[in-house]
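Some notes on the structure that comes next.
Nothing in this text is a laboratory measurement; each read-out follows from the coordinates by a stated rule. Remember, predicted model here, so these are calculated numbers, not experimental data. Every residue, glycine among them, receives a Cβ derived from its backbone with ideal geometry; neighbour counts consider all protein chains shown.
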Amino acid sequence: MIITISGAPGTGTSTLARSLSLQLKLRWVNSGDLFRKIAAEKNITVREMNRLAEKGPEIDYLIDDAQKVLARDGGGIFEGRLSGHLLPADLKVLLKADLRTRAERIAKREAKLTEDAMQETRAREESESRRYKMYYNIDISDLSAYDLVVDSGKFDEAATLAIVLATVRVISCQ
């Protein structure tokens with residue numbers, strides 16, 4: 001089984017993907033981890049990495065290709081902003097939440113001010129939106145690629161997981 005988990009920063013994609021991976025005993029592939037790993041190897045911040053990625057598609061394509069190879073090699077939980085658009089999957093999930101909620105989560109996780117997290121998140125999303133449109137002709141605001149959209153600002157972690165697990169059970173029975 002292949003499940004994609006997508007969503008903007010702070011929506012809880014990693015939390016959900018980790019929990020699903022444990023519950024379903026499937027591997028978890030996180031494209032954000034790969035992006036951050038490349039940034040760390042280059043000794044630059046994620047923000048600088050986004051600016052570098054805007055100069056050409058090579059970084060995005062590298063991450064995408066790695067996900068595609070892993071998906072061909074077997075099932076798993078594939079977490080990434082574009083995973084739902086790029087991978088064939090049994091279930092494509094999108095998490096959403098308002099900017100303030102997401103910024104509060106990011107600020108807590110990264111020990112920074114909420115206002116700073118809001119500004120950084122907005123800039124990151126604008127950068128990604130431009131790149132995805134330019135490199136893939138994907139409008140990230142178009143939710144039609146997803147089978148399930150969950151507002152993680154309205155549900156806690158346990159409820160979000162329960163909603164997705166219930167959906168997995170339904171599709172597994174079809």
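This structure gives log10 I(q)/I(0) by the Debye sum over Cα atoms at q = 0.08, 0.16, 0.18 Å⁻¹, computed directly, and of (i) -0.23, -0.98, -1.25; (ii) -0.33, -0.94, -1.09; (iii) -0.32, -1.07, -1.24 that value is listed as (i). Under the combined filter of DSSP loop state and at most 15 neighbouring Cβ atoms within 10 Å, segment 125-174 retains these trypsin sites (Lys or Arg not before Pro): K154. For the pair segment 95-141 and segment 149-174, the centres of their Cα atoms are 23 angstrom apart. Database remark: amide H of W28 closer than 5 angstrom to the amide H of I77 (H placed geometrically; neighbours at sequence offset of 5 or more, or on other chains; Pro and chain starts carry no H). Counting only Cβ charges, +1 for Lys and Arg and -1 for Asp and Glu, the dipole size of the chain around its Cα centre is about 240 debye.
From the helices alone, meaning DSSP H stretches of at least four residues, give me the mean residue ellipticity at 222 nm for the chain, per-run term -39500 (n - 2.57), in deg cm²/dmol to the nearest 500. Present the calculation step by step, with values, prior to reporting the outcome.
Details: 8 runs with 103 residues, N = 174.
After summing the helix terms and dividing by residue count, I get -18500 deg cm²/dmol.
Sticking with the crude label model, points 7 Å out along Cα→Cβ, report the distance from L143 to S129 in nm, one decimal please. Modelled inter-label distance: 1.6 nm.
So, counting K/R as plus one and D/E as minus one, what does the shell of residues with Cβ under 12 Å around I38 add up to? Present the calculation step by step, with values, prior to reporting the outcome.
Details: positive: R36, K37, K42; negative: D33, E41, E48, E58, D60.
In short, -2.
To the nearest 0.05, how large is the calculated FRET efficiency for V69 and E41 if R₀ is 25 Å and r is the Cβ-Cβ distance? Before the final figure, lay out each step's value.
Numbers: r = 20 Å, r/R0 = 0.79.
My answer for the efficiency is 0.80.
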